[in-house]
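Visitor: Before anything else, here's the structure in question.
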Amino acid sequence: MLLAVLSGYLLAIVAPALHRVTGRYIGWTLAILPASLTAYFASLVPAVQANGSLLFEFTWMPGLGINLNFLADGLSLTFALLISGIGTFILIYAGSYLAGHKYLARFFVIMLSFMASMLGLVLSDNLVSIFVFWELTSITSYMLIGFNHEDLTARKFALQGLFVTVAGGLALMAGLILLGAMSGSYSLSEILSTDLALHENAFYTGTVICILAGCFTKSAQVPFHFWLPNAMAAPTPVSAFLHSATMVKAGIYLMARLNSAMGEGELWSNALMLFGAATMFTGAYLAFSSTGIKKVLAYSTIMALGTLTMLIGVGTELAMTAFICFLVAHSLYKGALFMIAGALDHETGTKDITLMGGLRKTMPVTATIACLAALSLAGLPPLFGFIAKELLFESLLDAPLWSTGLIMAAVGASILIVGVAGLVAVKPFFGKTGNTPKTPHEAPFGMLIGPGVLSLMALMFGLAPFLPEGALLQTAVASVLGSSVETDLALWHGVNLPLMLSAGSLIVGLSLLAGWSRFQPSLYAINTFASRFGPEVGYFKFMEGITTVAAWQTRILQNGVLGLYLLLLVAVTFGLTGYTLLTHHGINLTIDLTDSHFYEWGIALLLLAAAVFASATHSRLGSVASMGVLGFAVALTFILFSAPDLGITQLLVETLTVILLVLVLFKLPEFVNLSSPFERYRDLAVAVFAGGVMTLLILASLDVQYFESISSYYVENSGPLGHGRNIVNVILVDFRALDTLGEIFVLSLAALGVLSMIKLKAEDQHKS
Amino acid sequence: MKSNTLILRTAALFIMPLQLMFSVFLLFRGHDEPGGGFIGGLVAASAFVVYAFAFGSEPTRRILRVAPSDLLAAGLLLALVATIPAFFTGQPLLTAFWWELPLPDGGYLKLSTPLIFDIGVYAAVLGTIMTFVINLMESDE
């Protein structure tokens, strides 16, 4: 299971090399991985159906009890199958859509990393690893939205998406930590299996607000919805995968997952119902009033996300069944429709629906697939979308709270969505031929196989709903509810209120569609006016504010004079430390000088003399030389106190430091007096103060001993466990090898820093 | 930084190889006596610095054969490689593995992953310092 999740990253590492080898067929080649992952997850289904859930454990840090656990139950397997299944087709599609693009290999690297992060998110059992994968999806989404990085709007909106989701992520981290603290465990399977009555806990309100902030930003709920339509600046395969079928559903996943633990409180369910319904209606309305085909689809995604959120809030058995069905139906038709939109854009050269028409003559296969997918979007029989919509209406009619308001919002949204479905399927393909920039012809096979298969699945699931129901969906509903359930999915439930509502909304929707070209311009004008007061404006003003404050603060604190930086740094650090020392520990000046030797005094005096000379002299060479003397005196101290390794290292480092200083010495300008006497005395005072605080700190640390000294452990175990007699070296490369690994990475960073500074300066000199 | 003194050049030709051998000696004895990767690397770097002061930066690059930053990267890679054997046996990373090969005179040759790690540290330290010195020397040309 660990390999299944990490395989995306591993394939991403070799993807550029594969691209060089396979050329045009890279999409098909890479799609083998998600296809095999789909098969693997499908193979887990029977076991999950029998046991309810499967837990895969991998020890990671046994000392801290942190394990990398994966939980496969109905909900996570449904998501995993959607991610890997749709991912297969997206990779094939992208290979065709972006064929010949300069950065295609880079695209696949990021895309595969995204897929692996998403899989990790839905399969993780541990709250911390869920958060890590959550942020990874945000970062890969940023890189994918900004893929056409030479385009300013792409960069701007990629940054917007990143900020909104990462700000939410920060809140989510706080919320998850609170959840872990409230329930006493960071393991999802433990939190979900024990009945904790979290809603009575004092931290409940804060946790709900934080977690919902994270989920609402990720899943584009009102008022955080503005980044999603702007994310359409990404290439279409990205929009089809991330911003409709998978990434934006991450928030939905987390809310559904935590619902059984947190759902008993009213704040959680009411907030979900309210925001979900508002988002649902807003999304449908905005979709109906747009003309760009990708924008229309983006807004309808917002509508779907709102619907899903609302259903989680309602929380009844029927609502959860509706949730799962709507989730699957939406992923199928939305992925298909986005891919069709991309095909249309690729073939006609425009994204504007008003310019397209009558394309069914030149693109018959595309038209058929689009019509199938649009029927599912509108929720018409015999497609799976119809079953989902019927269940939606039924569950809302049965809702324990606000049933009337919710059903009105849902019916309103579905009326508008029928119109939207017509916009996407009827307008471009039927009617009189529009004038498009490029002469259209049928889309290539690679671009059609994805939407084709997805739409056929929507049809098949609709005609035979017992197939997905028996296979996985019933288990998924059970895992969301936390108890087993019997679902009853069918196309025909008899003539009841939901059916009549559907019929009614269909009629009204069709009439709205007929008058669309008259309504749309005025609707668009209203939207543009209203958006001047909307949340997106708030975002831009907030970003401007941050930049202004940062510039002001930098002008004051970092005015370019190195001496000021040093002064501030030293004064603040030692001031705070000294204050704490004084107030918490007190100063104890009893020093025992009876067993000191004359040579120790000699070395101390040498140190003092060298330090004074180094700071007071006017000769650069002299100050470098006396710093060398300082270093050697310290080395002598080490050797006197029998630390030979330290002494040798200090000697060598001191020699090399002097050599390095000499190399640059002669390039420095003439010695100049840059500071006034007042400044020099001020600096002297701060320096003596810092030295004094440090001395007192060290003296204080000599009398404090909270724990037993660890050196006895090393003395005893260095031989038997470390196979060595030089304890210092054994500690460096064996007991504390991880620290040493970090240190040599720091060394390499320093070297790279120096290298780039020297090379940059050389470039500047060559240019001037 | 070219130096025209004959004495330094002749001395460098003698001192450098001896110092390099000494640095390897310090590296390998580190586990039981004072020494180890850091100290060995520093001594080796000093050897090359002596050569650089005597002959200049271009001959030093030639005698080093690989670019100093590559040496640095190789050191980091070696240090990471030392963590891998533990991964295959399911133990936490950086668990040390020891192999004792019997020698003809009855003693043992102890090879281990900490030794590989130490060699990595040696190369990293040598690479860092040579990067500093060679590039600083070349920066005014």
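The values are calculated or read from the model by the stated rules, or taken from the named source; none is laboratory data. The structure presented is a predicted model; accordingly, all values stated were derived computationally and were not measured. Methodologically, a virtual Cβ is constructed for each residue, glycine included, from the backbone with ideal geometry; neighbour enumeration extends over all protein chains shown. Each accessible area value is taken on the protein alone, full model and side chains, heavy atoms only, with ligands, DNA and RNA left out. Shrake-Rupley method; radii C 1.70, N 1.55, O 1.52, S 1.80 Å.
Visitor: Putting +1 on Lys and Arg Cβ atoms and -1 on Asp and Glu Cβ atoms, find which of A:VAL733, A:LEU684, A:PRO669 reaches farthest to the positive end of the dipole of the range A:664-740.
Guide: Towards the positive end, the residue furthest out is A:PRO669.
Visitor: Just the Kirkwood number for the range A:148-214, please: inverse of mean 1/r across all distinct Cα pairs, in Å, one decimal.
Guide: Hydrodynamic radius (Kirkwood, Cα pairs) of the range A:148-214 is 13.7 Å.
Visitor: What angle do you read, to the nearest 10 degrees and between 0 and 90, between the alpha-carbon axis of helix A:737-767 and the longest principal axis of chain A?
Guide: Taking Cα atoms only, the helix is inclined about 90 degrees.
Visitor: Turning to a different aspect of this structure: Expressed as an acute angle from 0 to 90° and rounded to the nearest 10, what is the orientation of the C-alpha long axis of helix A:384-397 relative to the principal long axis of chain A?
Guide: Helix A:384-397 sits roughly 80 degrees off the main axis of chain A.
Visitor: Which whole-number percent of Cα pairs in the range A:601-752 have a distance greater than 27 Å? Walk me through the numbers on the way to the answer.
Guide: On the way: 5218 of 11476 pairs.
In whole percent, the long-distance tail amounts to 45.
Visitor: May I ask you to list, by number, the DSSP H helices of chain B whose Cα span along the axis is at least 15 Å and whose average Kyte-Doolittle hydropathy reaches 0.5 or more?
Guide: Values: long enough: B:6-29 (35 Å, 1.78); B:37-55 (27 Å, 1.99); B:68-81 (20 Å, 1.86); B:113-138 (37 Å, 1.49).
Qualifying helices, which must be both long enough and hydrophobic enough, are B:6-29, B:37-55, B:68-81, B:113-138.
Visitor: For the range A:166-322, treating each Cα as an identical point scatterer without solvent, what Debye log10 I(q)/I(0) comes out at q = 0.09 1/Å?
Guide: The calculated log intensity ratios at q = 0.09 Å⁻¹ are -0.29.
Visitor: Per residue, how big is the convex hull of the range A:51-189 when only Cα atoms are used? Give it in Å³.
Guide: 126 Å³
Visitor: Per DSSP H run of at least 4 residues, take -39500 (n - 2.57); add these up for the protein assembly as shown, divide by its residues and hand me the 222 nm value, nearest 500 deg cm²/dmol.
Guide: -24000 deg cm²/dmol
Visitor: Helix A:127-145 against the longest principal axis of chain A: what's the angle in degrees, Cα atoms only, rounded to the nearest 10?
Guide: The answer is roughly 70 degrees.
Visitor: Quick check for you: with a 1.4 Å probe and neighbouring chains kept, what is the accessible area per residue of chain A, in Å²?
Guide: 46 Å²
Visitor: Run the accessible area of the protein assembly as shown with a 1.4 Å probe and give the carbon-and-sulfur part as a rounded percent.
Guide: Its accessible area is 70 percent carbon and sulfur atoms.
Visitor: Please compute the average number of Cβ atoms from other chains found within 10 Å of each residue's Cβ in peptide B:132-139.
Guide: Rounded to a whole number, the mean comes out at 6.
Visitor: Mark the label point 7 Å from the Cα of A:ILE526 along Cα→Cβ and return the residues of the range A:274-318 whose backbone N is within less than 13 Å of it.
Guide: Flagged as within label range: A:282, A:285-290.
Visitor: A follow-up question, please. Under 1.5 on a/c is rounded, so check that first for chain B, then, if it is not, pick prolate when a/b is larger than b/c and oblate when it is not; a ≥ b ≥ c are the square roots of the alpha carbon gyration tensor eigenvalues. List each step's numbers first, then the result.
Guide: Details: a/c = 3.58, a/b = 1.77, b/c = 2.03.
It comes out oblate by the Cα gyration axes.
Visitor: Still on this model: What number in nm² do you get for the range A:508-660 if you take the convex hull of its Cα atoms and divide its surface by four? Each step should come with its number before you reach the end.
Guide: Numbers: hull surface 88.7 nm².
With the hull built on Cα positions only, its mean projection is 22.2 nm².
Visitor: Using modelled amide H (1.01 Å from N, peptide plane; none on Pro or chain starts), what sits under 5 Å from the amide H of A:LEU54, excluding residues fewer than 5 places away?
Guide: HN-HN under 5 Å from A:LEU54: A:ALA72, A:ASP73.
Visitor: Which whole-angstrom value gives the distance between the alpha carbon centres of the range A:262-311 and the range A:200-250?
Guide: 11 Å
Visitor: Which value, in debye to the nearest 20, describes the size of the charge dipole of the range A:613-756 about its Cα centre when Lys and Arg Cβ atoms bear +1, Asp and Glu Cβ atoms bear -1, and nothing else is charged?
Guide: The calculation lands at about 440 debye.
Visitor: Using the per-residue mean of other Cβ atoms lying within 10 Å as a proxy for protection, in what order, highest first, do the peptides A:54-62, A:186-194, A:422-430 fall?
Guide: With the highest mean Cβ count within 10 Å placed first, the list reads A:422-430, A:186-194, A:54-62.
Visitor: Could you give me the ³J(HN,Hα) list for the range A:298-305, computed from phi with Karplus coefficients 6.51, -1.76, 1.60 and θ = phi - 60°, whole Hz, x at Gly and Pro?
Guide: Karplus-based 3J(HN,Hα) across the range A:298-305 equals 5, 5, 5, 5, 4, 4, 5, 5 Hz.
Visitor: Taking every residue in B:27-34, how many Cβ atoms of other protein chains lie within 10 Å of its Cβ, on average? Before the final figure, lay out each step's value.
Guide: Details: counts 0, 0, 2, 8, 10, 7, 6, 10.
The mean count of partner-chain Cβ atoms within 10 Å per residue comes to 5.
Visitor: When N is the residue count of the range A:470-590, what does its C-alpha Rg come to as a fraction of 2.2 N^0.38 Å?
Guide: Numbers: Rg = 33.2 Å, N = 121, 2.2 N^0.38 = 13.6 Å.
In units of the globular-protein estimate, the range A:470-590 measures up at 2.44.
Visitor: From zero up to wherever the largest Cα-Cα distance of the range A:292-371 sits, split into 5 Å bins and tell me the percent of pairs in each.
Guide: In whole percents, the pair-distance histogram is 3, 14, 21, 19, 14, 11, 8, 6, 3, 1.
Visitor: Would you mind putting A:391-398, A:459-466 in packing order, based on average other-beta-carbon counts within 10 Å, highest first?
Guide: Highest-to-lowest ranking by the protection proxy: A:391-398, A:459-466.
Visitor: I'd like the FRET efficiency for B:LEU77 and A:LYS361, computed as 1/(1 + (r/R0)^6) with the beta carbon distance as r and R0 of 45 Å, rounded to 0.05.
Guide: Working from the Cβ atoms, E equals 0.15.
Visitor: Moving on to the next point. Please tell me which of these pairs span more than 18 angstrom C-alpha to C-alpha: A:LYS361/A:LYS438; A:LYS218/A:LYS541; A:LYS334/A:LYS361; A:LYS102/A:LYS438; A:LYS295/A:LYS432?
Guide: Pairs exceeding the cut-off: A:LYS218/A:LYS541; A:LYS334/A:LYS361; A:LYS102/A:LYS438; A:LYS295/A:LYS432.
Visitor: What three numbers, in Å, describe the spread of the alpha carbons of the range A:438-522 along their principal axes, ordered from the longest?
Guide: 53, 39, 24
Visitor: Per residue and in Å³, how big is the convex hull formed by the alpha-carbon atoms of the range A:329-469?
Guide: Details: hull volume 14.6 nm³, N = 141.
Residue-normalised Cα hull volume stands at 104 Å³.
Visitor: Just checking the output field for B:105-112: average partner chain Cβ neighbours within 10 Å of each residue's Cβ? List each step's numbers first, then the result.
Guide: Numbers: counts 0, 0, 0, 0, 0, 2, 0, 5.
That average works out to 1.
Visitor: Of the trypsin sites (Lys or Arg not before Pro) in the range B:39-101, which ones lie in a loop per DSSP and count no more than 11 other C-beta atoms within 10 Å? If you can, show how the numbers build up before the last one.
Guide: On the way: sites: B:ARG61, B:ARG62, B:ARG65; in loops: B:ARG65.
Passing sites in the range B:39-101 are B:ARG65.
Visitor: Just need the relative contact order of chain B here, percent rounded to a whole number, with Cα pairs under 8 Å and 6+ apart.
Guide: After rounding, I find 29 percent.
Visitor: Check the straight Cα-Cα distances from A:LYS667 and name the lysines below 23 Å, setting aside those fewer than 8 residues away within the same chain.
Guide: A:LYS759, A:LYS761, A:LYS767, B:LYS2
Visitor: Mind ordering B:26-39, A:235-248, A:647-660 by average Cβ neighbours within 10 Å, highest first?
Guide: Highest-to-lowest ranking by the protection proxy: A:235-248, B:26-39, A:647-660.
Visitor: Give the separation of the Cα centroids, the range A:658-725 to the range B:93-109, in Å.
Guide: 39 Å
Visitor: So for chain A, Kirkwood radius off the Cα pairs, Stokes-Einstein at 10 °C and 1.306 mPa s: how many µm² s⁻¹?
Guide: The Stokes-Einstein estimate is 52 µm²/s.
Visitor: Relative contact order of chain A: what whole-number percent is it, with Cα pairs under 8 angstrom and at least 6 residues apart?
Guide: Taking the mean separation of contacting Cα pairs over the length of chain A, I get 10 percent.
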